[in-house]
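To start, the structure itself, in structure tokens.
No lab work stands behind these numbers, since they all come straight from the coordinates. Here the structure is a predicted model, which is why all the values come from computation and not from measurement.
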């Protein structure tokens with residue numbers, strides 16, 4: 001069953017990295033947020049680009065085993081939906097990247113904005129609010145609290 005767009009949340013990779021990396025300074029915060037999401041039955045959306053970041057960074061910072069466990073969890077959890085970046089979304093991401101004024105806005109971050117816009121997702125769960133703040137008004141989204 002698809003959740004209404006106003007209850008869907010896009011999750012940045014740093015949320016899952018914090019959740020699965022006990023050495024991460026945001027681990028406790030990510031666990032608390034995860035518990036609240038589960039308690040309220042709120043699902044998350046990510047993209048295949050975000051998935052790539054999650055497993056790559058976890059593999060580099062922790063271990064291949066932790067990265068594999070996280071990837072398997074994401075694939076098996078029915079509350080996590082993965083949107084695949086197709087040619088249209090890739091081009092939209094590129095357009096957003098070119099228009100982004102800040103240097104710290106990565107291409108993957110721009111793809112997050114593109115997917116949120118295309119999927120009418122209005123809330124973003126990220127620990128990188130500074131990078132995304134300049135995009136909020138233009139693309140009409142808010143941060144998940």
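Of the listed values [x] 24.1, 97; [y] 14.5, 40; [z] 19.2, 61, grab the one calculated as Rg and Dmax of the Cα atoms in Å from the structure here.
Answer label, from the structure shown: [y].
Round to the nearest 10 and give me the degree value, 0 to 90, for the angle of helix 64-76's Cα axis relative to the longest principal axis of the chain.
70
Relative to the first principal axis of the alpha-carbon coordinates of the chain, what is the inclination of helix 27-39, with its axis defined by its Cα atoms, in degrees from 0 to 90 and to the nearest 10?
That works out to roughly 80 degrees.
May I ask for the angle, rounded to the nearest 10°, between helix 107-119 and the longest principal axis of the chain, with both axes built from Cα atoms and the value confined to 0 to 90°?
80
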